[in-house]
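The values are calculated or read from the model by the stated rules, or taken from the named source; none is laboratory data. On a predicted model such as this, the values are computed, not experimentally measured, just so you know. Neighbour counts run over all protein chains shown; Cβ positions are idealised from the backbone, glycine included.
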Amino acid sequence: MYKTLLIVALAAIMAPSCVSPKAKKATNWNNKLAEISKMNQDRWKDVIAAINSSQTTKDYAKVGNLGKDLVSFLDGKIKEVNDMENTEGSEKMKEAMIEFLEYEKKTAQDGLSPYLNMNQDTPPEEVQSTYESLSNMAREEATHLSKLQAAQREFAAKYGLKVKEQ
């Protein structure tokens, strides 16, 4: 059985009810990125479910197609984040989010595209090797995610906001 890859979402920021307009804008800006992170996480969960299912169904094309869809989704979200107007002090967090999404995109491209060339006749060793390669790529996620979360905490601190623990 394959191990499950864990993709963690960026947390929402909780704002007290009596916050300045700048803090409210910062909260909304952060929460937009958290929403993108959550959508990415949900898509990865679908990919992982398809990988696990492919063990018995040998339907590797579904995994490959979900990977193509994920890359397309990430391209759109990278553009969306790039196009977002910064709020005061958001530059570092925006940069970290783009870096994280770029990493996720590269992982999806490099790790999932081999599944498009697989079928029921693909040797189990090749399937296992492809999965192990994807798992190795996913191990780097913690580094990228930690940088993003640090930028988020720094951004929240500028406005006296709290990061909601997940």
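Of all residues in the stretch 74-105, those satisfying the criterion of being among the polar types (S, T, N, Q) and closer than 17 Å to ALA34 by Cβ are ASN86, THR87, SER90. Please work out if GLU154 is touching a residue at least 12 places away in the same chain (Cβ under 8 Å) and of a type in the set (Asp, Glu). Spelling it out, GLU154 is indeed touching a residue at least 12 places away in the same chain (Cβ under 8 Å) and of a type in the set (Asp, Glu).
Are any of the residues in the stretch 137-155 closer than 21 Å to LYS24 by Cα and part of a loop (DSSP other than H, G, I, E, B)? No, the stretch 137-155 has no match at all. Within the stretch 9-50, restricting attention to residues that are modelled with pLDDT under 90 and polar (S, T, N, Q), the residue that is surrounded by the fewest Cβ atoms within 10 Å (Cβ to Cβ) is SER17. Return yes or no: is ALA108 under 18 Å from LYS32 (Cβ atoms), of a type in the set (Gly, Ala, Ser) and surrounded by 19 or more Cβ atoms within 10 Å (Cβ to Cβ)? Taking the combined requirement at face value, the residue does not satisfy it. Residues in the stretch 73-86 that are surrounded by fewer than 13 Cβ atoms within 10 Å (Cβ to Cβ) and farther than 16 Å from ARG43 by Cβ: 5 in all.
Counting residues that are of a type in the set (Ser, Thr, Tyr) and within 19 Å of GLN149 (Cα to Cα), which helices (runs of 4 or more DSSP H) fully inside the stretch 16-133 reach at least 1? Here the list reads 21-57, 91-112.
Here is a yes/no grid of residues against (1) within 30 Å of ARG153 (Cβ to Cβ); (2) loosely packed, with under 15 Cβ neighbours inside 10 Å:
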site: VAL71; (1), (2): yes, no
site: GLU88; (1), (2): yes, yes
site: TYR103; (1), (2): yes, no
site: PRO114; (1), (2): no, no
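If you filter the stretch 51-61 down to residues that are of a type outside the set (Ser, Thr, Tyr) and surrounded by fewer than 16 Cβ atoms within 10 Å (Cβ to Cβ), you find that the one that is nearest to SER72 (Cα to Cα) is ALA61.
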